[in-house]
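Undergrad: First the structure, which I've put down as C-alpha cells, then a few questions once you've had a look.
The values are calculated or read from the model by the stated rules, or taken from the named source; none is laboratory data. Here the structure is a predicted model, which means the values were calculated and not measured. Note that we place each Cβ from the backbone using ideal geometry, even for glycine, and neighbour counts take in every protein chain shown. SASA here: full protein model, heavy atoms, side chains in, ligands and nucleic acids out. Shrake-Rupley method; radii C 1.70, N 1.55, O 1.52, S 1.80 Å.
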Amino acid sequence: MGNREIKEAKVKELVEKFQRAQAIILTSYKGITVAEDTELRRKMREAGVEYKVVKNTLTLRAAKEVGFEGLDSYLEGPVALAISYDDPTAPARLLAEFAENHKAIELKAGIVQGQLFDTAKVKELSKIPPREVLLAKFLGSIKSPVAKFVYVLDAIRKQKEEANA
C-alpha cells in the first residue's frame, strides 16, 4: 500500500469518527512529557474519550469533507484530538482539568454537535458538570416538591385519624 493510500484511509477513518462524534476538541500538547501524556490518555480512555494525534493536513481534509469549516487557524503546530461519541462536554472538561496542573496542555478549539467553538467557548463548555451530575441535580429538584407534597398529605391523614379517634 502506497503512502497516498495510507493517507486516504486515515482521512476516511477520521471522516467516520467526525460524523459520529458529539464533540471534537483540539488541544496543543507541545512540551508534555511521556508520563503526562500517558496519564492524560488513561484519563481519557476511562471517560470513553478517544485521544489521538493526527497530522493537521489529514485532520483538515477530513473536517472539510464532513463540512466543518474554520479549523485552518487552529491546526498549527502539534495538535491532538479528543473525540467523544457520547458526552459532548467530557473532552473539554477532562482537558481543562488536566491543563490546570500541566501548563503544556492548551485548549485550542472544538466542534460540538456540528458547531465550531473557539477557545473561550471550549473553556465555558469545560465548566459544565458531567451528565450524571446534571441528571442528579434535575432529579433532586423534582424530588423535593414531591416529597413536601407527600409530607403534607401524610400530615392531613394523621390529623383526620386523630379527629376520628
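Undergrad: Among 127, 143, 123, 148, which is within 30 Å of residue 70 (Cβ to Cβ), open to solvent by 80 Å² or more (accessible area, probe 1.4 Å) and at pLDDT below 80?
TA: Being within 30 Å of residue 70 (Cβ to Cβ), open to solvent by 80 Å² or more (accessible area, probe 1.4 Å) and at pLDDT below 80 holds for just one of 127, 143, 123, 148, which is 127.
Undergrad: Let me ask you something else. Is there a residue in segment 86-98 that is of a type outside the set (A, V, I, L, M), at pLDDT 85 or above and under 15 Å from residue 52 (Cα atoms)?
TA: yes
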